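Undergrad: Next up is a structure, given as structure tokens.
The values are calculated or read from the model by the stated rules, or taken from the named source; none is laboratory data. What you see is a predicted model, and the numbers here were worked out from it, not measured in a lab. Note that we place each Cβ from the backbone using ideal geometry, even for glycine, and neighbour counts take in every protein chain shown. For the accessible areas, the whole protein counts, side chains as well, though only heavy atoms, and no ligand, DNA or RNA atoms are used. Shrake-Rupley method; radii C 1.70, N 1.55, O 1.52, S 1.80 Å.
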Amino acid sequence: MEAEFTSGAYPYQLQRLKAGTGPTGPKKVLFVSHTANFSKFNRPFMRWFMEQGYEVHYASAGEEPVLDCHRHFTIPLERSPYSWNNVKACRMLQKIIRQERYQLIHCHTPMGGVVARLAAREARRQGAKVLYTAHGFHFYQGAPWVNWVLYYTMEKLLSHWTDCIITLNEEDYQLACRHFHTQVVKIDGVGVSLRRFHPLSLQEKLALRQTFHLSQEDFVLVYVAEFIVRKNHRFLLESLNTLRREIPHLKVLLAGNGLLLDEMGRLARDLQVEDLVQFLGYRRDVEKLYQIADAAISTSTQEGLPINVVESMASGLPVVCAKIRGQTDVIQPGRNGYLYDLGDRAGMEQSICALYQRPQLRQEMGIHNLQDVQRYSLEHALQNMEGIYLQFCQQEEHAHGTSS
């Protein structure tokens, strides 16, 4: 499947790699993730490689088109580590890598990372560089023991076949440095566009609210997340009857698709809170949801570095979320939001009520978030990844130069 190609240009200068061809033909880079939807996080980096003269390919399960690449390979990657399709995907990807002769392979998502690194072993022996971005290890403080047995063992083995592991939070970084057999770096997330995510004036906010049938009096919470178990929507829905007693005009916007979407819709009806909640499905305009909200909520139980929280910060919203890895990296309690202990329903409810009762505090936290989010900007992420890409692409060029 060929994906649409669109070029991109940035308003700032980045160091350039030497364009042209490698020793085996055009320079090529491959990005891999188990889901094509994940490619939206990689698009800025894919465009950067194009600007350096590289041919950019993508491999995923192919459930939707991938933009900003020259070729998109569909392979039967699945999220579950127990699926036989991942074995098929590994064989297919190994053949693709052998044929295309990539200079660099950058893999993402747990199963994308497993399959790509297994498939790239031969290419790596021949000089290709293999990078893996861990968007949140499945083993972490408080994780089930089975996660440590399966995922930790797998990642430790795969680290032997990885040139660099890129982590997004302090806990993952420290763990990888102590236990894995490769170079480890930490960056401040995959980057959020501060052009796209930004607050509106009060007049603009109220005008936009009308398009969502919301009034000035409504206190609006927003949660953008896939409807899967770890995003824990149930925890929020089961708190709404308590919250409505303290917040008369409470409204909750839930954006996202997922296996549990219908189940959560039924739960809202069973709890008789459907009048408080808008299930908005998958949205391409989530920036508007943040712009009409008063605060952001995340009930997730596991994160790497949460993109929805960073988007909320960029939109000038205070954030209420659990005290877990990744979220503790970005939220400072009392400064730009509140952290509640995982499973502490009363703590979450009290934090939301505190924001409702103190509009001035919401405003101050929003200002702090606009300051704090600068380090998580797309520009900053590009600069971080540029340094990593340059290091390994130049290593690959040098290896071929010395061997020829």
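Undergrad: How many residues are touching a residue at least 12 places away in the same chain (Cβ under 8 Å) and either of a type in the set (D, E, K, R) or under 18 Å from Val319 (Cα atoms) (or both) when one looks only at the range 272-294?
TA: Adding up the residues that qualify gives 10.
Undergrad: Count, please, the residues in the range 104-131 that happen to be open to solvent by 10 Å² or more (accessible area, probe 1.4 Å) and closer than 23 Å to Ala381 by Cα.
TA: Going through the range 104-131 one residue at a time, the tally reaches 3.
Undergrad: Within the range 348-372, work out how many residues are open to solvent by 50 Å² or more (accessible area, probe 1.4 Å) and either touching a strand residue (DSSP E or B) at 6+ places or on another chain (Cβ under 6 Å) or under 18 Å from Val330 (Cβ atoms) (or both).
TA: Number satisfying all stated conditions: 6.
Undergrad: Still on this structure: Of the numbered conditions (1) in contact with a Cys (Cβ under 9 Å, 6 or more places away or on another chain); (2) surrounded by fewer than 16 Cβ atoms within 10 Å (Cβ to Cβ), Val56 fails exactly one; give the number of that condition.
TA: Of (1) in contact with a Cys (Cβ under 9 Å, 6 or more places away or on another chain); (2) surrounded by fewer than 16 Cβ atoms within 10 Å (Cβ to Cβ), only one is false for Val56: (2).
Undergrad: Go over the candidates Arg325, Arg375, Arg345 one by one and state the one that is within 30 Å of Ile105 (Cβ to Cβ) and open to solvent by 30 Å² or more (accessible area, probe 1.4 Å).
TA: Arg375
Undergrad: Are any residues in the range 87-119 of a type in the set (D, E, K, R) and either farther than 24 Å from Gln391 by Cβ or outside any loop (DSSP other than H, G, I, E, B) (or both), and if so, which ones?
TA: Lys88, Arg91, Lys95, Arg98, Glu100, Arg117
Undergrad: Give the residue that is nearest to Ser193 (Cα to Cα), with candidates limited to residues of the range 36-53 that are in contact with a strand residue (DSSP E or B) (Cβ under 7 Å, 6 or more places away or on another chain) and open to solvent by less than 10 Å² (accessible area, probe 1.4 Å).
TA: Asn42
Undergrad: Now for a separate question. Name the one entry in Leu271, Leu202 that is surrounded by fewer than 19 Cβ atoms within 10 Å (Cβ to Cβ), over 16 Å from Ala295 (Cβ atoms) and hydrophobic (A, V, I, L, M, F, W, C).
TA: None of the others qualify; the one that does is Leu271.
Undergrad: Are there any pairs, at least 6 apart or on different chains, whose C-beta atoms fall under 6 Å, with the first in the range 124-149 and under 28 Å from Leu30 (Cβ atoms) and the second assigned to a helix (DSSP H, G or I) and polar (S, T, N, Q), and if so, which?
TA: If the second residue must be assigned to a helix (DSSP H, G or I) and polar (S, T, N, Q), the pairs left are His138/Asn147; Phe139/Asn147.
Undergrad: Of all the residues that make up the range 68-96, how many are over 25 Å from Tyr152 (Cα atoms), touching a helix residue (DSSP H, G or I) at 6+ places or on another chain (Cβ under 6 Å) and open to solvent by 10 Å² or more (accessible area, probe 1.4 Å)?
TA: Counting residues in the range 68-96 that are over 25 Å from Tyr152 (Cα atoms), touching a helix residue (DSSP H, G or I) at 6+ places or on another chain (Cβ under 6 Å) and open to solvent by 10 Å² or more (accessible area, probe 1.4 Å) gives 1.
Undergrad: Working carefully through the options Glu246, Glu311, find the one that is open to solvent by less than 50 Å² (accessible area, probe 1.4 Å) and either under 22 Å from Phe212 (Cβ atoms) or of a type outside the set (Ser, Thr, Tyr) (or both).
TA: Glu311
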